[in-house]
Amino acid sequence: MKSNSPSRWPGVALLAMVLAFPALSAPPPKTKRISALVIPMDKGTEQSTLRFEEYMNSALEEYQGFDLKTSDELFGVAPDEDAAASLKRAEQGFAESKTSFDARNYEDAERKLRATIKEYGKAVAAMKSCGSLCDAVAMYAASLQARGEAEEAKIAILDLLALAPTHELDRKRYPQNFLALKAQVATGRNAQLRGNFTVKTKPAGARVYLDGEFQGYAPFTLQTLPVGKHLLRVERPGFRQFGAMIEVTPEDQELTQELIATSGYQAFDGLMDRLAGEAMKDKGGSTMSSVATSLKLDRAIIGVVRELEAGDKSELILGYFDLKSGKRLAVRSATFQGEEYGQLKGEVVRMVTYLVNSGEGGGGEKVSRTGDPLDGRQGTEDWSSEDRGGKSTKGKKGSGDPLEGRNGMEDW
């Protein structure tokens, strides 16, 4: 027989409710919006800022509790609207050219394809890969051959091989004699020629893409490229995209391009010097607070990079800040020379790991760790001050400068 009386164990019912709704008893930790910002103090270090930021971001991605905002998200890469318009016209011209080519109207196809390829040349900034351009160049070469212009056809085939060496042609669309000509050109002497192309940007440090593939940071020399046409695209957060169809020859060539900053980045650029000054202190000021508000950030690792007197070395000082209060949670510095035999990224990642773990009181929790037994260690944690080449400062009165008497490795 069922009883309608209240339960004699009310605590059991309450416990069941708590277990059924665990989110009510344990709210998730608040996510902090964080970013890595690096400020160059001279022209010589301008080229390394974006590289440092991306290395720092790769370390921050490993942590829970952070909503990472990269420079691309904060400042954006402004599209080239003229290039986008050219791409639209080029795609339309490609469709019309294809119709003429498939109808074997080679004279009309050649005329339309020449104009179409020219439009693609203006649209490179809006292109991520060769795409329909490769098919347009192939049809252009086949049209030239069909009209008896074999030498011009070979030049166009060289361009196609340079743009996309593995581009496959539809054997149903192209005549057999053209496929044979392409194979002949591919194994010929001209196809083996190579050239170098150096890309410089103002400001330096922009990403360089060739034929849709990332290559490095400007200034950068693209080495041993196949002769012929290539797609060059340059991007830097806060600036408008730049693209061009370049012609590689056996002689070394160079391109210097001045990038156009967006209005939003120009406003931030005006704060850089003051922000760098605050990043060298224990506590930031009004500039740091303004950056926190305008970029909607809670935390930031702010880096200052500068050339040393030797000229072939640079110093990177990283401060981990709570932007709203301006409090510096941790600081780290190191000296670099070039790529440090390919270990530059690893060193920057270890610096960031130290900053987050120290700044969060040891509560910086990584999503995953590597199998490297030195992960998170600088390699000199147990060194004495004499081992590091430092001098004892016991009994010496400081001037208030947080970096006075520091050689950049005190905590290593």
*asked:* Just to verify a result, which residue in the stretch 135-176, among those that are of a type in the set (K, R) and surrounded by fewer than 16 Cβ atoms within 10 Å (Cβ to Cβ), is nearest to R111 (Cα to Cα)?
replied: R147
*With respect to the numbered conditions (1) over 10 Å from A90 (Cα atoms); (2) buried (at least 19 other Cβ atoms within 10 Å of the Cβ), which one is the sole condition not fulfilled by I117?*
(1)
*Limited to the stretch 194-224, what total is found for residues that are within 30 Å of A109 (Cβ to Cβ) and touching a helix residue (DSSP H, G or I) at 6+ places or on another chain (Cβ under 9 Å)?*
1
*Of (1) modelled with pLDDT of 95 or more; (2) in contact with a helix residue (DSSP H, G or I) (Cβ under 7 Å, 6 or more places away or on another chain); (3) surrounded by fewer than 17 Cβ atoms within 10 Å (Cβ to Cβ), S7 satisfies all except one. Which?*
(1)
_Just the residues that are crowded, with 16+ Cβ neighbours inside 10 Å and within 25 Å of the chain's Cα centre (by Cα), please, taken from the stretch 78-106._
A78, D80, A83, L87
*Would you point out the residue of the stretch 105-131, among those that are of a type in the set (G, A, S) and within 18 Å of G228 (Cβ to Cβ), that is modelled with the highest pLDDT?*
G121
*Any chance L179 is in the same structural domain as D108 (by TED's automatic domain parsing), surrounded by fewer than 20 Cβ atoms within 10 Å (Cβ to Cβ) and part of a loop (DSSP other than H, G, I, E, B)*: no
*Got a number for residues in the stretch 47-77 being buried (at least 18 other Cβ atoms within 10 Å of the Cβ) and either in a helix (DSSP H, G or I) or touching a Cys at 6+ places or on another chain (Cβ under 7 Å) (or both)?*
16
*asked:* Could you list, ordered by first residue, the pairs with Cβ atoms under 8 Å in which the first is in the stretch 47-59 and not assigned by TED's automatic domain parsing to the domain that holds T353 and the second is surrounded by fewer than 19 Cβ atoms within 10 Å (Cβ to Cβ) and assigned to a helix (DSSP H, G or I), at least 6 apart or interchain?
replied: none
*Condition broken by R233, with the remaining ones in (1) surrounded by fewer than 19 Cβ atoms within 10 Å (Cβ to Cβ); (2) assigned to a strand (DSSP E or B) satisfied*: (1)
_Members of the stretch 113-130 that are assigned to a helix (DSSP H, G or I), aliphatic (A, V, I, L, M) and closer than 17 Å to L160 by Cα_ = L113, A115, I117, V124
*asked:* Checking K172 against (1) of a type outside the set (A, V, I, L, M); (2) over 26 Å from K122 (Cβ atoms); (3) at pLDDT 95 or above: exactly one of these is not met. Which one?
replied: (3)
*Any chance Y106 is over 22 Å from K172 (Cα atoms) and either assigned by TED's automatic domain parsing to the domain that holds A206 or of a type in the set (F, W, Y) (or both)*: no
*Determine which member of the set G326, G303 is small (G, A, S), more than 21 Å from the chain's Cα centre (by Cα) and at pLDDT 90 or above.*
G326
*Entirely in the stretch 250-358, the strands (runs of 3 or more DSSP E) that have 1 or more residues that are without any contact (Cβ under 8 Å) to a residue 40 or more places away in the chain and either farther than 21 Å from A206 by Cα or outside the structural domain of G238 (by TED's automatic domain parsing) (or both)*: 314-322, 327-336
*asked:* For S71, only one of the following conditions fails: (1) assigned by TED's automatic domain parsing to the domain that holds A146; (2) under 23 Å from the mean Cα position of the chain (by Cα); (3) within 29 Å of Y265 (Cβ to Cβ). What is its number?
replied: (1)
*Being modelled with pLDDT under 95 and under 30 Å from R236 (Cβ atoms) narrows it down to one of E53, E46, E81, so name that one.*
E46
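The values are calculated or read from the model by the stated rules, or taken from the named source; none is laboratory data. Computed from a predicted model, the values in this text were never measured in an experiment. All Cβ positions, even for glycine, are placed from backbone atoms using ideal geometry, and neighbour counts span all protein chains on display.
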